[in-house]
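Structure record follows, encoded as structure tokens.
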Amino acid sequence: MRIHDIHQQLAELGAKPVHIGRLTRAWLNGQALDAGTRHQRSEDFLPLSVRNGLPGVKEALDRLARVSSEHPAADGSARLLVTLADGQMVESVLLPRDGLCVSSQVGCAVGCVFCMTGKSGLLRQLGSAEIVAQVALARRVRTVKKVVFMGMGEPAHNLDNVLEAIDVLGTDGGIGHKNLVFSTVGDRRVFERLPRQAVKPALALSLHSTDTRLRQALLPRAPVFEPAELVELGERYARQVDYPIQYQWTLLKGINDSPEEMDGIIRLLRGKFAIMNVIPYNSHEHDDYQRPDTERIHQIMRYLHANGVLTKVRNSAGQDIDGGCGQLRARAEGIVQA
Ligand code: SF4
């Protein structure tokens with residue numbers, strides 16, 4: 001279901017645009033649908049036909065997505081396992097400091113070798129209403145002021161729905177544009193569409209290697225980009241919107257933590273309007289990939305900083321409960337054993 005379908009349903013009940021906006025804002029804020037419509041100015045009163053139809057709309061929205069379990073972690077984050085109307089499941093993550101990480105697809109076609117979500121392939125797209133429903137559900141639990149599209153799925157592969165969700169979150173959802181973060185492995189359509197959007201989100205680009213061939217091996221079904229071209233396109237967007245690109249680098253021991261890679265990062269990012277987010281891999285028993293030692297992570301940070309690359313270490317939220325994106329759903333569906 002798309003947000004447009006919900007608006008259509010309300011319009012068919014007799015709601016005018018002013019009513020539709022108000023009802024959408026109430027939903028996205030996790031409130032009762034008729035919140036704020038009873039004691040306001042006369043033009044805000046809902047027509048009787050709309051009021052009578054609201055229980056049906058509420059039922060449809062409740063069916064769209066529901067939290068089937070919540071998994072709080074020691075770092076203040078919490079993973080929500082969200083069940084959709086057809087029984088498919090996705091994950092949302094409540095992040096410390098009022099952030100929320102949302103999913104845009106069930107599964108993912110990119111198949112990054114270090115990602116659990118990628119193992120299942122793409123099962124289906126989420127409609128824009130299912131994407132923003134994750135925000136509405138999270139706001140029943142906590143304040144949400146920032147939404148990052150870094151959960152399950154590649155947002156560029158579901159571009160129309162994700163951009164529609166971003167538009168509504170940046171308007172009726174009351175979220176500042178730079179607090180909406182579109183995260184992608186890189187896709188030319190993203191660089192064409194984002195600059196034309198009314199709501200221009202911040203952009204996170206998954207780099208992971210400065211070597212084209214290694215990058216392709218790590219992200220097997222991502223569009224092929226020379227890293228330098230990706231950074232060039234990112235820089236153009238960053239200058240246009242006036243907020244930096246966040247580069248993502250999942251740090252894998254012995255694979256992309258070499259001095260050559262670090263020098264490659266410096267060549268690409270020194271002087272750019274960019275932040276490098278180094279995310280040490282969260283390894284598990286019997287895992288093909290390992291997290292580098294803490295000392296090596298500190299060395300990398302010092303080296304990149306000393307050479308003019310603003311670098312932050314980011315740990316995956318909720319490491320003590322379920323590691324990376326897709327673990328929780330995989331466990332719920334029995335893809336991996338707990
Ligand atoms: Fe897809 Fe992101 Fe996982 Fe890669 S890391 S497989 S893009 S969900």
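FYI, it's all coordinate maths here, none of it is from the lab. Since we're looking at a predicted model, the values are computed, not measured. Cβ: placed from backbone, ideal geometry, glycine included. Neighbour counts: every protein chain shown.
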Computed for the chain: size of charge dipole around the Cα centre, +1 on C-beta of each Lys and Arg, -1 on C-beta of each Asp and Glu, debye to nearest 20, value 800 debye
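More than 14 angstrom separation, counting every C-alpha pair in segment 189-264; what % is that? Let's see the in-between values first.
Working: 1806 of 2850 pairs.
The proportion of pairs with Cα distances above 14 Å equals 63 percent.
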Between the Cα axis of helix 17-28 and the main Cα principal axis of the chain, the angle (0 to 90°, nearest 10) is 50 degrees
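If packing is taken as the average count of other Cβ atoms within 10 Å, what order do 74-80, 146-152, 128-134 fall into, highest mean first?
Working: 74-80: 18.0, 146-152: 24.0, 128-134: 27.3.
Per-residue Cβ counts within 10 Å, averaged per peptide and sorted highest first, yield 128-134, 146-152, 74-80.
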The computed P(r) of segment 173-322 puts the percent of Cα pairs beyond 26 Å at 26 percent
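How would you rank 244-252, 197-205, highest first, on the average number of other Cβ atoms within 10 Å across their residues?
Details: 244-252: 22.2, 197-205: 19.9.
Top of the packing list down: 244-252, 197-205.
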Of the residues 169, 185, 210, the Cα lying farthest along the dipole of segment 152-223 towards its positive end, which is defined by charges on the beta carbon of Lys, Arg, Asp and Glu, belongs to 210
The chain -> Rg/Rh from Cα coords, Kirkwood Rh, value 1.00
With Cα coordinates, the longest principal axis of the chain makes an angle with the long axis of helix 259-269, in degrees rounded to 10, of 50 degrees
One point scatterer per Cα, no solvent, Debye formula: log10 I(q)/I(0) for segment 1-95 at q = 0.18, 0.25 Å⁻¹ comes out as -0.86, -1.26
Using the Kirkwood formula on alpha carbons, the hydrodynamic radius of segment 58-175 in angstrom works out to 14.2 Å
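Taking N as the number of residues in segment 64-124, what value does Rg over Cα atoms divided by 2.2 N^0.38 Å take? Working shown, then result.
Values: Rg = 12.5 Å, N = 61, 2.2 N^0.38 = 10.5 Å.
Computed over Cα atoms of segment 64-124, the ratio equals 1.19.
As a check on your grasp of the helix formula, calculate [θ] at 222 nm for the chain: sum -39500 (n - 2.57) over DSSP H runs of n ≥ 4, divide by the residue count, round to the nearest 500.
Values: 13 runs with 130 residues, N = 338.
Taken over the chain, the calculation gives -11500 deg cm²/dmol.
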To the nearest 10 degrees, the tilt of helix 48-64 (Cα long axis) against the first principal axis of the alpha carbons of the chain is 30 degrees
For residue 178, counting only lysines whose alpha-carbon sits under 17 Å away and dropping same-chain residues fewer than eight positions off, the answer is 145, 146, 200
The local net charge around residue 111, scoring Lys/Arg +1 and Asp/Glu -1 for residues other than residue 111 whose Cβ lies under 9 Å from its Cβ, equals +2
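Could you compute the net charge surrounding residue 279? Neighbours are other residues with a C-beta less than 11 Å from the C-beta of residue 279; K and R count +1, D and E count -1. Don't skip to the end; give the middle numbers.
On the way: positive: 291, 312, 314; negative: none.
In short, +3.
Express the relative contact order of segment 134-180 as a whole percentage, based on alpha carbon pairs under 8 Å and six or more residues apart in sequence. Please list the in-between numbers first.
Values: 23 pairs, mean separation 21.3, N = 47.
Rounded, it is 45 percent for segment 134-180.
Set the Förster radius R0 to 30 Å, insert the Cβ-Cβ distance between residue 232 and residue 302 as r into 1/(1 + (r/R0)^6), and round the FRET efficiency to 0.05.
Step by step, r from the Cβ atoms, then E = 0.65.
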